[in-house]
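Working notes, beginning with the structure itself.
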Amino acid sequence: MSEAEIPLKFVSSNRRVREDRRFVAGQGHYVADVALEGLLHVAVLPSQHPAARIVSIDASEALRMPGVHYVLTGEELAKAAEPLMNGLNTPHVKRYPLAVGQVRYAGEWVVAVVAESRAQAEDGAEKVRVVYEPLPYVIDSEEALDLSSTPVHPAHGSNVLLDRTFVWGEVDKHFAESPRHLSFRVTWGRNSTVPIETFGVAAKWDPWREILDVWASIQMPKYSDQIARALRIPLNNVRVHQDVDVGGSYGVKRGIKQTVIVSHLARRLGRPVRLIEDRLDNMRAGDAHGPDRIFDVEVAFDNDGIVKSMKMRALDNAGAYAGRAPFQLGKPIGAIVGPYKIQSVKYRAISVTSNKAAQEAVRGFGQAPTNYAIETAIDKVAAALGLDRIEIRKRNFIRSEEFPYLIPSGTRYDSGDYHTVVAKVLAHADYEGLKRERDELRAQGLCAGIGIAACLEPSGGNSSFEPLLNDANKTTTWMESCRINVDGLGFVTVTIHTTSSGQGHETLAATVVGEVLEIDPDQIRVVRPDSLNSLPGNSPVGSRMAIMLGGAAFHAAKKLKAKIVRLAAHQFGCVESDIVYQGGATSYPGSSRKLTWAEHVNIAHRNFHLLPDGMEPGLEVTHVLQVPTANKLPENGRVQMYPCHSFEFHLVLVVFDPEIGKPKIRRYVIGHDCGTVINPHIVKGMTLGGIAHGIGASLLEEFVYDSEGQMLTQSFMDYLLPSSHEVPHVEIVHHCTPSPFTVFGQKGSGESGYLGSPAAISGAINDAVSPYGISFAKLPIRIAAISDAIAAAKATKEKVQS
Amino acid sequence: MKISLKVNGQLREADVEPRKTLLDTLREDFLLVGSHAGCEHGVCGACTVLIDGEPSRSCLMFAVQADGYEITTIEGLAPAPGELSVVQDAFCETHGLQCGYCTPGMVLTAHALLEHNDAPSRDDIVEAISGNICRCTGYGQIVEAVEFAADRLRKTNLPRHARSDANNPGKPPFGGNDALGHGVLTAVQPDTPRGGRA
Ligand code: FES
Ligand code: FES
C-alpha cells in the first residue's frame, strides 16, 4: 500500500509548524475568546458530599441577586435531555449533566446559575440552598468490587461495570511447563493530563433557523452526534465550530455534560450562554480524571529469562459514572504483550464505580498504566534471575524479521526493529559508562538508579475495543476525511474536519498535499469547516492523525493529481500513463507540448468543451479513509486493535539524597521509532511533552481522595505539574521502521514518551533504593514516600543489627 | 470604579468593579485576549504580563492596583501586524509550543529574561521559565527557542533597548526560512484571451 514517490521533498523535512505564528502573537482563538452578543455566563454549584440524597433546592435568594437570570436544576435538565451515553451496555448507570435526586461524588454539579457575568453567577451560586441527606459511599476499588459494598447506582445492582476474563493461548499449560513464576501488585494512581486551559463551551440557539451553534474547547469523536442525541434534536440542527483553538487536551477535553448544560440554557433563555470551568470546577468535577488502576500480575518464565505466559488482573476505578472509562481497559489488549513474544495471556479486566469523579480518556487510553505493569514484570524477572534488565528485554523482544507479528490477543503488529533501536540507544548513552556513573554516585552516599522501559504506542485510533467489550456495538469503521479544492485562480484549499489541540494538523495536511501535488505547502490554505460542512471524521484520538488525516490527505491529493493527468491526456490525445506530472505541470514525452498548473486550472474551471467525457468541471476531490487493517468484528475475544505500533525505549539515570528523597533525573535518553516522520518538530514536541507528562504521573501528580470521600488535590498547589526544573534535557535517538500499512510508512506519535516514561522512572527509583532492600509499587512515587521508606528501612536495619 | 491603565504604550480607560483582576480587565474590557487564564491562583503563569518590564501574574493583581505602571501584554510585542519579534520568531523556529495556551506568558517571560541577560545559560533559562507551566512541550523546544533568540539578538548590532522590536531583517514575513520562497502556483487570468492559456 506504500506508494509514495521517493525522495520526499516536504515530508520529513524540518519545516516550521504553520500554526505557531498565531500562537506566539497571542492570536489563538480559544473558546474564551469567542465574543458573542448578549452572552450569559454560568457558574455551577458543587456537592460537598461524596454521596447524598438531594432533599430540596431553594434558589429564591440566588434569583434575587444582581445580574442573575436563571437557576437550572438537574430535575429540569433531565426532563429536557437524554442521559449521556455509556460505552458499555449499562442502562441503569444513568448520567445527567447535573445531579438528579442524588449526588455521587464530592464536587458533582448540582445546579447551574446563569448571570450577566461569571462573577455574578458565582455570587448567585453561593446563595442557592441545597439540603442533603448523606448516604453511604465507597472510594476504594477493592471495596467497590465487593458485592456487599454500597452501589453508587442502586438500580445497577452493584458497582461492577465490567468484569471480563480473556484467555488467549494455552496459559495453564505454559504456566505448568515453566520452571519459574513470580507475581506482584502495582498501582497506577489517578491522574490526568490537566491541560492549562480548562474546558469551556459556548452555545447559541437560533429559533428561526433552528440551529444550535456550539464553540467548545473540545477533542471528542462524534461530539455533535452526542449533542443532538442528548437534546433530542436532529443532528443537522447542530453546528459545531471547529476553528476554535483548543488549549491542550491530550485526550480529556470531552465536555459533553458542560455542552448539554449550556445548549439547554441557550434554548431556554434565548441568549448565548457559556460555561468556562475555573480550575476548581475542572479538577474536581470536570469529569476528566484518568485511569485509577490496580494490577495483579503473574508471569511464567524459564531460567534464561524467556517469559512464556502472563496473567494480568486490572481493576480500574471508573468513578461515579461509566462513560467510556471501561474502554480504557480494552485498548491495551491490542498491545497486551508489549514488544515481547509472550505466547499466552490471561487478562481479567474489571471496572468498578465509586464515589470519585468520573473518569475520561487520557493520553494513551489506558496503555501507559498497562506498560508500567508489563515493564515492572520484566524488571522483576531480571532481578529474580540476576540478569541484566536490558539483556532480558532483548531475549524476549519480537525480532525484526518476524513482522507482521500476530500477538495472542489477535492484533498483528505492523513492523519494528526493537533490537536495533536498543543498540542505538546503548551506543549513544554509553550504557556501561552510565552504570559506572551510577555506582560512583552510590559510592558518594547518594541513591542512584537506572531505569529502563521498552514499550509500544499502538496508533491509528481504531475503536475495536468497543465491539470487543460491548456485544451490542458493531462499529468497524473509525474513518477520517479530507477535501481539496483548487479554486478558479489556481489556489489550493484543504479542509480538515476536526478541532486541534496543538498537534499541528494544518501543517500535517498541507505538507502531505504539497508533497503529492509537488507544490509548496506554504501556498496551501488549510481550513476547518463547521460540523455541518464536514465530512465524516473521528477527531484526533488514539495517535491517529498522522496515519488517518495524513492518509486521507494523501489519497485526496492522489485523486486530484489523477484528474489533472486525465485532463491533460485528453488535451494531448495520449493515454494517461504517458503523461509526466511534475511540479503541477504535465508533459507528454515525445512532444514539446506542456500544460502548466494555470492551464489545467483554466480548463477545469472554464473550458468544459475541453474536458474529457464524463469529467465534472472544477478541481475538487474528497477522500474518506478507512482505518488500515480494520476489516472485521472481533472473533472469540480476539481483534485487530490499532493498525500501527511505534516503539520507544527509555534509559534513565536518577539520583537523590537518601535523606531528602527528591529525585533528579540526571540523564534521559529515549530511542523512538514511529516510522516515517511527517514533521520532525511536531514529533519531537510530542515525545518531549509526553515524557514530561510521564514524569508528572510517576513522581508528582495524583488526584487523592481521603477516607471521607473528599478530593484533597484541588489546585495546582497540591496537584503538582512538572515545571522546567523537574523536566531534564532529553536526548532522542531516532530510528525509522516504516509501517507497511500507511501511505508514507508513518505511525502515530501523539502519546509517545508518556507510554514508557512512568515505567522507566519507577524502575530507576526502584533500582536506586534496591540497596535498602525496598521498592515502590505505586505511582506516583512522591518525595515524602521515598525519604520515609528509606528512613524506615534504615531503622529496621539498625534494630536488627543492635 | 473608573481606572486608566497604560497598556502597550496606550492609555486605556475602563469602569470596573474593585474586585476585578487585571487579567479579566485586559481580556474583557480591553479585548486583549492573548493573556490567558489557566489556574487563576498564581501557579501556572498563563496570565503573565510585563509590569514595568517584569513578568507578573495578572490573575493575582486587581486592575485598580495596576494604575501607574507600564503594562505590556503579548499583543504589544509584535513590531507590526503580521510581523514577529525576534523572540516570537525563535519560538516558531524551534516549535517551542503546541497548543499555544501557555505561549504568550512564556514569550513575555523569555522576552524579559533577554532584556536583562544577553547570554543566558541553560540554567538561567530554566530558572526564568520555571514559573510558567507548559503542559504540551516538556520545555525542551522552549529552552531551545530562548537560546536561539539570545543568539540572534546578540548578533544584531542594535542597542539593547531597540532589539526587542527588531524583526530580523533577513527574515521573510511569512513562511520562515524554510519556505521555498516561490510557489509553483501561477494565478490564472480569467479575462485574457483563451483564459490565459498560451
Ligand atoms: S492564571 Fe495566573 S498564574 Fe495561572
Ligand atoms: S503549548 Fe500548550 S501548554 Fe504550552
Across the Cα atoms of region B:2-76, what radius of gyration and what greatest pairwise Cα-Cα distance (Dmax) are found, in Å? 10.7, 29
Is there a quick way to get the dipole size of the protein assembly as shown? I mean about its Cα centre, with the Cβ of Lys and Arg at +1 and of Asp and Glu at -1; what is the value in debye to the nearest 20? 1680
Region B:2-76, accessible area per residue, ligands and nucleic acids excluded (1.4 Å, Å²): 43
Mind checking the full-extension length gain between residue A:391 and residue A:664? Use 0.36 nm per residue of separation minus the Cα-Cα distance, one decimal, nm. 95.7 nm
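Only four residue types carry charge here, +1 at the Cβ of Lys and Arg and -1 at the Cβ of Asp and Glu. Report the dipole size of region B:2-76 about the Cα centre in Debye, rounded to the nearest 20. Before the final figure, lay out each step's value.
On the way: 7 positive and 12 negative charges, 15 e Å.
Dipole magnitude for region B:2-76 comes out near 80 debye.
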Taking R0 as 30 Å, what's the FRET efficiency between residue A:783 and residue A:419 from their Cβ-Cβ distance, rounded to 0.05? 0.25
Counting only Cα, what are the radius of gyration and maximum Cα-Cα distance Dmax of region A:1-114, in Å? 23.5, 71
Convert 37 °C to kelvin, take the viscosity as 0.692 mPa s, use the Kirkwood radius over C-alpha pairs of region B:32-76 as Rh, and evaluate the Stokes-Einstein diffusion coefficient in µm²/s, rounded to a whole number. 310
What three numbers, in Å, describe the spread of the alpha carbons of region A:671-760 along their principal axes, ordered from the longest? 53, 28, 21
Residue by residue, what Karplus-based ³J(HN,Hα) values in Hz, rounded to whole numbers, does region B:75-89 have, using 6.51, -1.76 and 1.60 with θ = phi - 60° and x for Gly and Pro? 5, x, 8, 5, x, 7, x, x, 10, 10, 6, 4, 5, 4, 5
Identify all aspartates and glutamates with a Cα-Cα distance to residue A:563 below 16 Å; exclude those on the same chain that are fewer than 8 residues away in sequence. A:487, A:518, A:576, A:578, A:599, A:613, A:616, A:620
Would you list which lysines come within 30 Å of residue A:356, measuring only between C-alpha atoms, while excluding same-chain residues fewer than 8 positions from it? A:79, A:94, A:127, A:222, A:253, A:257, A:311, A:331, A:346, A:662, A:778
Computed over the protein assembly as shown, Kirkwood Rh from alpha-carbon pairs, angstrom: 29.7
Ignoring ligands, DNA and RNA, how much accessible area is buried between chains B and A, both sides summed, with a 1.4 Å probe, to the nearest 100 Å²? 5800
Can you give me the long-range amide H partners of residue A:182? Hydrogens built in the peptide plane at 1.01 Å from N, cutoff under 5 Å, separation of 5 or more residues or another chain. A:299
Around residue A:646, which amide H atoms from residues at least 5 apart in sequence, or from another chain, sit under 5 Å from its own amide H, with H modelled in the peptide plane? A:457, A:459, A:748
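Pairs of alpha-carbon atoms within less than 8 angstrom and 6+ residues apart define the contacts here; what relative contact order does chain A have, in percent? Let's see the in-between values first.
Working: 1999 pairs, mean separation 127.1, N = 802.
Relative CO of chain A lands at 16 percent.
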Heavy atoms of residue A:744 accessible to a 1.4 Å probe, total area in Å² rounded to 10: 20
Might you work out the accessible area of residue A:796 for me, using a 1.4 Å probe with all protein chains in place, and round it to the nearest 10 Å²? 80
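To the nearest whole number, what is the average tally of beta carbon atoms from other chains within 10 Å of the beta carbons of peptide B:87-97?
Across B:87-97, the average partner-chain Cβ count within 10 Å equals 6.
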Working from the pairwise distances between different alpha carbons, so that the mean of 1/r is found and then inverted, what is region A:261-343's Kirkwood radius in Å? 16.9
Among A:573, A:777, A:624, whose Cα lies farthest out toward the positive end of the dipole of the protein assembly as shown, if unit charges sit on the beta carbon of Lys, Arg (+1) and Asp, Glu (-1)? A:573
Protein-only accessible surface order, largest first, of A:717, B:106 at 1.4 Å: A:717, B:106
Normalised by the residues of region B:86-163, what does the relative contact order come to in percent, with Cα pairs under 8 Å and at least six apart? 47
Mind checking the log10 I(q)/I(0) for region A:529-632 at q = 0.16, 0.24 Å⁻¹? Debye, one equal scatterer per Cα, no solvent, two decimals. -0.79, -1.22
What whole number of Å gives the distance from the Cα centroid of region B:1-77 to the Cα centroid of region A:665-687? 37
Accessible area per residue of region A:44-151 at 1.4 Å probe, in Å²? 43
Roughly what would the spin-label model give for residue A:582 and residue A:533, points 7 Å off Cα along C-beta, in nm? 3.7
In nm, give the distance between the simple-model label positions of residue B:155 and residue A:60, each being 7 Å from the Cα along the Cα-to-Cβ direction. 7.4
Expressed in nm to one decimal, what extension gain is obtained for the pair residue A:79 and residue A:734 from 0.36 nm per residue of sequence separation less their Cα-Cα distance? 230.3 nm
Candidate lysines for bridging to residue B:6, where Cα separation is under 30 Å - those fewer than 8 sequence places away on the same chain excluded: B:20
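Return the Rg/Rh value of region A:542-585, two decimal places, where both radii are evaluated on C-alpha atoms and Rh is the Kirkwood radius.
1.19
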Heavy atoms only, probe 1.4 Å: what % of the accessible area of region B:86-163 goes to carbon and sulfur, would you let me know? 50
Rg and Dmax in Å for region A:602-718, alpha carbons only: what are they? 26.2, 85
At q = 0.13, 0.20, 0.22 Å⁻¹, work out log10 I(q)/I(0) for region B:86-163 with the Debye formula, treating every Cα as an identical point scatterer and leaving solvent out; two decimals please. -0.33, -0.77, -0.93
Would you please name the trypsin sites (Lys or Arg not before Pro) within region A:474-573 that are DSSP coil residues with at most 16 other C-beta atoms within 10 Å of their C-beta? A:474
Only Lys, Arg (+1) and Asp, Glu (-1) charged, at Cβ; region A:638-680 dipole about Cα centre in debye: 20
Divide the volume of the convex hull of the Cα atoms of region A:290-435 by its number of residues and quote the answer in cubic angstrom per residue. 126
So what's Rg/Rh here for region A:362-489, counting alpha carbon atoms and using the Kirkwood radius for Rh? 1.13
Relative to 2.2 N^0.38 Å, what does the C-alpha radius of gyration of region B:1-132 come to as a ratio? Two decimals please. 1.03
Just counting partner chain Cβ atoms within 10 Å, what average do the residues of peptide A:718-725 show around their Cβ? 6
Take the eigenvalues of the Cα gyration tensor for region A:63-182, scale each by 5, and report the square roots as semi-axes in whole Å, largest first. 45, 15, 15
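The values are calculated or read from the model by the stated rules, or taken from the named source; none is laboratory data. Model, not experiment: these values are computed from the prediction. All Cβ positions, glycine included, derive from the backbone under ideal geometry; neighbour counts span all protein chains shown. Note: areas computed on protein heavy atoms with side chains; ligands, DNA, RNA excluded. Shrake-Rupley method; radii C 1.70, N 1.55, O 1.52, S 1.80 Å.
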